[in-house]
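Single-structure report; data block below.
Any read-out appearing in this document is the output of simple, stated calculations on the displayed coordinates, not a laboratory observation. Keep in mind it's a predicted model, so treat the numbers as computed, not measured. Here the Cβ positions follow ideal geometry from the backbone for every residue, glycine too, while neighbour counts run over all protein chains shown.
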């Protein structure tokens, strides 16, 4: 028997435990999901939408309990109110566009033939969700997958052990059949075996590059579709005509919010050299005034990192940079205990020989470099193994579009950062992974095309 254990970063104590399913029990769950899928897909799309949105509403009614629970599991301060706003926004938008997105494509009809392409569900969709935004990342796939007629099996991170239970309970209370949406507790070995056995029809994974690689390796030869969102090292570029106040506030928040544990968090900033000193001064002022502490305290603006190994990874990157000449601008906070409570940090005199500018940090630290021009900024932004988002700051729309076209990334932001617009495809390139969620394309990835070539007369 394998026991999955969530240790709270607040105090290092065990917060929750759940027994992992055996391989035999897991196979039974999957078989029940597969048996229930045809009947679910035969329901009208309107009925599926209504049931999914009812499940979302049920989650909203739990929010007062969910927010402190999240703080205890992964450390996000309660002052920010949890994830329900974004969770609901994404589900509502995907429901809104579902009928049009899943509409058959008319390929022509005459007296002899009728031709069209339907979008049909894959079958059983396996969602492996991360701990950093455990509700919003999960709903990106759960909502459109269910609406499209798939059944869903959710495996959540051990760090946010109770999230999957919450989601399943909410959707079941709303009327979604239990075998249509199931939460499972699995260890890594069982997960790998199930994937290798071709148990699923589509897999969506959000997490680290090594974990994504292991999933693709397990799925090799099964022809199972795999969508991945992996690492990131998202840049911001501030041009000489930018709104400096807005740029500093947004980019620093994008770097530090959730203790820097954001998929599309800002991890490196390039500032046109004429603005560099002013940008740095304002950035230091903002970060110096953060309140690091217990996330259950409403005064806390920066909570602990989710795990000690994540905090130590950031400390190692900072140390490596300082040994190579980087300057740290934030004095150690009193609350920094050398463990999960970590001082947010700004580094200058950095370059791309340092891990802090090239390897994912996933913590409250950002390196800031001056640049001479767009050419240098583009070169540096593209000097990365990752490509999730890039944030550009200028008053010149056409200039931003031109630069955006030259950046190797999944999303280009202008004068904003760190936001998922559900009308746009959430995707990446390079080692950030493949596939895409949200938008009409999200529906396309959760279905397959089926062609009809119908001869009317023989």
Report the Rg/Rh value for segment 234-422, based on alpha-carbon coordinates and the Kirkwood definition of Rh.
0.95
Take residue 415 and residue 299, extend 7 Å from each Cα along the Cα→Cβ direction, and tell me the distance between the two endpoints in nm.
3.7 nm
Based on the Cβ-Cβ distance of residue 457 and residue 27, what FRET efficiency does E = 1/(1 + (r/R0)^6) give at R0 = 41 Å, to the nearest 0.05?
0.30
How many angstrom separate the Cα center of segment 215-279 from the Cα center of segment 120-178?
26 Å
Between residue 273 and residue 54, the FRET efficiency computed from the C-beta separation at R0 = 60 Å comes out, to the nearest 0.05, as 0.65
Can you compute the helix-only [θ] at 222 nm over the chain? Use -39500 (n - 2.57) per DSSP H run of at least 4 residues, normalise by all residues, nearest 500 deg cm²/dmol.
-12000 deg cm²/dmol
Going from the alpha-carbon gyration tensor of segment 1-119, what semi-axes, largest first and in whole Å, does one get by taking the root of 5 times each eigenvalue?
40, 23, 12
Separation between the residue 349 and residue 282 pseudo-spin-labels, each 7 Å from Cα along Cα→Cβ, expressed in nm?
2.5 nm
By the C-alpha gyration tensor axes a ≥ b ≥ c (rounded if a/c is under 1.5, else prolate when a/b exceeds b/c, else oblate), the shape of segment 154-202 is oblate
Distance histogram in 5 Å bins (all Cα pairs of segment 367-458, percent per bin):
3, 11, 17, 20, 15, 10, 6, 5, 4, 3, 3, 2, 1, 0, 0
Here FRET efficiency (C-beta to C-beta, residue 323 to residue 111, R₀ 56 Å, nearest 0.05) is 0.10
Once both label points are put 7 Å beyond Cα along the C-beta direction, the residue 100-residue 198 separation in nm becomes 3.8 nm
Match the structure shown to one of the listed values (i) 77, 55, 40; (ii) 69, 47, 41; (iii) 86, 59, 40 of Cα extents along the principal axes in Å, computed from it, and give that label.
(i)
Taking 0.36 nm per intervening residue step and subtracting the Cα-Cα distance, what contour gain separates residue 213 from residue 395 on full extension?
61.5 nm
